[in-house]
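So the structure is just underneath, and the comments pick up after that.
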Amino acid sequence: VVAIKMTFYPLEYIGFGEKYFVKYGVGPWHLGWQGIVPSKAAKMARKAITLLTDNLIDVKEVFSRVDPARVAEELEPMMQKMLRTIVTEVAMVYAPDLWTALPVYVREEVVSRVREDTPRVIEAVMADIRENIDQVIDLEDMVVTHLVADKELLNSVFMRAGYQELRFIERSGLYFGFLLGIIQAAVFAVCTSWFVLPIAGFISGFITNWIALELIFRPVEPTPCCGGAMVLQGLFLRHQDEVSEAFGTAVAREIMTPGQILRQLFLSPTSEKAIQIVHYHIAHAMDMNSQALGPLVPLTLGGERYTSMKATVVELYVQHLPEQISYMERYFDEALKIESTLVNGLKALPSRDFESVLHPIF
């Protein structure tokens, strides 16, 4: 039980010599402890996402399920209010006197014509992102960054996936320890030297853990024995369907959520390429439909100020992305089907590949 707790806790290093623990691992050069899983959070997270992206999730295929027209439809309610704000702010910066002098119905016409064009812009942006998704989002970076920042979540995912196996290790220590304790007592009855008990304790602990891990992970493939009367397979691998449900659901609902993916796409330090796509399509729409902006783009504005105005429009649009993400989350959850993709994919994995889901923590 203590060994299992020490695998996951404490989340942060407690004690002295942390830099040596981080650099060299367990040894006499430090006095303290950090759970094995949280101490190797980046490595553990990278292994988990590599398993998923190499075997289960084709990012391009998953994003091909997104319908750009449906995204535009989902965003339409909030766009009604947002576009009025953006048009007004831009007008007051680049043509304040002209904008305030315009009759109300003319200003409404400008806003209305911008609204008409916006769904086409959103569709173009999402279609472009979908086509180039491999270049605009890094799922590995997203997962690793998230789990390194939230080590409790990393622990939780592994503990839920391996719940039955961790319970088995706890119970097996009692059973195997009792049997080995009988042998240990018999040896001590014959040889009462001081070193017998510590050596016997070390051997007992090693053998107990070794037997438990072998029963959990070996044999990997179903292996008939006793003339076919029994089929042996590691406990973890026999529970592949249950573990797949637990692991896939945890990852989909807490790590690779639609909101997390959208924030990684548009609001993370790696969002530059996605924002460039947004900038291109907004600027292109303004260039191709300058008449829809009417007096906001008079020829007297000049090329430099016109370029500046386009950048301002993009900047204001990006400021509203968090609100847009909240409108898109429900549809992305429906379209991407991350949870069913992960669960069904894990269930279908060959036993040898599936073993790598939990084995790294041991």
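The values are calculated or read from the model by the stated rules, or taken from the named source; none is laboratory data. Predicted, not measured: the structure shown is a model, and the values here were computed from it. Backbone-built Cβ (ideal geometry, glycine too); neighbour counts: all protein chains shown. Accessible surface is based on the protein model in full, side chains and every heavy atom, while ligands, DNA and RNA are left aside. Shrake-Rupley method; radii C 1.70, N 1.55, O 1.52, S 1.80 Å.
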Write out, first by first residue and then by second, each pair whose Cβ atoms fall under 8 Å of each other, whose residues are 6+ apart or on separate chains, and whose first residue, in the stretch 44-65, is closer than 19 Å to M328 by Cβ and aromatic (F, W, Y) while the second is at pLDDT 85 or above and assigned to a helix (DSSP H, G or I).
F63/I129; F63/R130; F63/I133; F63/L336
Looking at W99, is it in contact (Cβ under 8 Å) with a residue 24 or more places away in the chain, of a type in the set (A, V, I, L, M, F, W, C) and touching a strand residue (DSSP E or B) at 6+ places or on another chain (Cβ under 7 Å)?
no
Filter the stretch 159-170 for residues that are open to solvent by 10 Å² or more (accessible area, probe 1.4 Å) and among the hydrophobic types (A, V, I, L, M, F, W, C) and give the result.
M159, L166, F168, I169
Sort out for me the helices (runs of 4 or more DSSP H) sitting completely within the stretch 1-112 that have 1 or more residues that are of a type in the set (A, V, I, L, M, F, W, C) and open to solvent by 70 Å² or more (accessible area, probe 1.4 Å).
2-8, 18-24, 68-94, 96-101
Failed condition for D128, given (1) buried (at least 17 other Cβ atoms within 10 Å of the Cβ); (2) outside any helix (DSSP H, G or I); (3) charged (D, E, K, R), with all others met?
(2)
I'd like to check something: does the stretch 290-308 contain any residue that is of a type in the set (V, I, T), touching a helix residue (DSSP H, G or I) at 6+ places or on another chain (Cβ under 9 Å) and either modelled with pLDDT of 85 or more or under 27 Å from N132 (Cα atoms) (or both)?
yes
Only one of (1) open to solvent by less than 50 Å² (accessible area, probe 1.4 Å); (2) within 20 Å of the chain's Cα centre (by Cα); (3) at pLDDT below 90 does not apply to Y331, and that is (3)
Can you confirm whether V231 is touching a Pro at 6+ places or on another chain (Cβ under 6 Å), open to solvent by 80 Å² or more (accessible area, probe 1.4 Å) and at pLDDT below 90?
yes
Any residue in the stretch 304-327 that's closer than 19 Å to M79 by Cβ and open to solvent by 50 Å² or more (accessible area, probe 1.4 Å): show its pairings with residues that are in a helix (DSSP H, G or I) and of a type in the set (G, A, S) at Cβ separation under 9 Å, as long as the two are six or more apart or on different chains.
S326/G259
Keeping to the stretch 1-58, report how many residues are modelled with pLDDT of 80 or more, of a type in the set (A, V, I, L, M) and more than 30 Å from S351 (Cα to Cα).
3
Hits in the stretch 171-188 (condition: farther than 21 Å from I4 by Cα and open to solvent by less than 80 Å² (accessible area, probe 1.4 Å)):
Q184, A185, A186, V187, F188
Report, ordered by the first and then the second residue, all pairs with beta carbons closer than 8 Å, sequence separation of six or more or different chains, a first member in the stretch 209-229 that is acidic (D, E), and a second member that is surrounded by fewer than 11 Cβ atoms within 10 Å (Cβ to Cβ).
E221/R352
Checked the stretch 189-226 for anything open to solvent by less than 70 Å² (accessible area, probe 1.4 Å) and either at positive phi or aliphatic (A, V, I, L, M) (or both); matches are V196, A200, I207, I211, A212, L213, I216, V220
Residue pairs within 8 Å by beta carbon, gap of at least six or interchain, first lying in the stretch 235-262 and part of a helix (DSSP H, G or I), second among the aromatic types (F, W, Y) and open to solvent by 30 Å² or more (accessible area, probe 1.4 Å), listed first then second, are L235/F168; A246/Y163
